[in-house]
Amino acid sequence: MIEWPSSTLLLILVYLGVGAAATWESWRARQPSWATMCVLGPVLLVWVLYRNIYPVPDYPNNLWPYVALVWVMSAWAVMQWRPAVIRRVISEWDAPPPT
C-alpha cells in the first residue's frame with residue numbers, strides 16, 4: 001500500500017480543525033479548564049505540521065503540501081458555491097440504511 005504524504009498533511013489539518021472546534025465549544029460552554037486542555041492538541045499539531053513542511057523535502061515530495069492545499073480549497077469552494085450538494089451528502093449520511 002502506498003501512503004501519500006498529502007494524506008498525512010490532510011489528516012493533520014482535520015485534527016487541527018477538530019481541536020479548534022472543541023476549544024471553541026468548550027469556551028462557549030464556560031469550561032475554561034477544558035478549553036485550555038483542548039488548546040494543547042492543535043498547538044502540538046502546528047509543530048508537527050511545520051516539521052512536515054520545513055525543511056523543504058526533495059522533489060517530488062515538496063509538491064504534496066500544494067496537493068493538500070488544492071484539495072482543501074476545492075472542498076471549501078464546493079461548500080461555498082454548491083451548498084445543496086453538501087446538504088444532500090449530509091442527508092444521505094443521516095438516512096436510515098436500506099432494508
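Check whether at least one residue in segment 56-63 is among the polar types (S, T, N, Q), closer than 20 Å to THR23 by Cβ, modelled with pLDDT under 85 and surrounded by 11 or more Cβ atoms within 10 Å (Cβ to Cβ), and report yes or no.
No, the conditions are met nowhere in segment 56-63.
Check segment 22-42 and report whether any residue there is at positive phi and free of Cβ contacts under 8 Å to residues at least 60 places away in the same chain.
In the first step, residues of segment 22-42 are kept if they are at positive phi; the result is 30.
Cutting the leftovers down to free of Cβ contacts under 8 Å to residues at least 60 places away in the same chain gives us 30.
Yes, segment 22-42 has at least one match.
Would you say VAL70 is among the β-branched types (Val, Ile, Thr) and exposed (fewer than 11 other Cβ atoms within 10 Å of the Cβ)? Walk me through it before giving the result.
Values: among the β-branched types (Val, Ile, Thr): yes; exposed (fewer than 11 other Cβ atoms within 10 Å of the Cβ): no.
Considered against the rule, which asks whether it is among the β-branched types (Val, Ile, Thr) and exposed (fewer than 11 other Cβ atoms within 10 Å of the Cβ), VAL70 comes out as no.
Going through segment 9-37 one residue at a time, which ones are over 25 Å from LEU69 (Cα atoms) and surrounded by 12 or more Cβ atoms within 10 Å (Cβ to Cβ)?
Residues of segment 9-37 over 25 Å from LEU69 (Cα atoms): 25-37.
Once the filter is applied, which keeps residues that are over 25 Å from LEU69 (Cα atoms) and surrounded by 12 or more Cβ atoms within 10 Å (Cβ to Cβ), segment 9-37 yields GLU25, SER26, TRP27, GLN31, TRP34, ALA35, THR36, MET37.
The values are calculated or read from the model by the stated rules, or taken from the named source; none is laboratory data. All values reported here derive from a predicted model rather than from experimental measurement. Quick reminder, even Gly has a Cβ in these numbers, built from the backbone with ideal geometry, and neighbours come from all protein chains shown.
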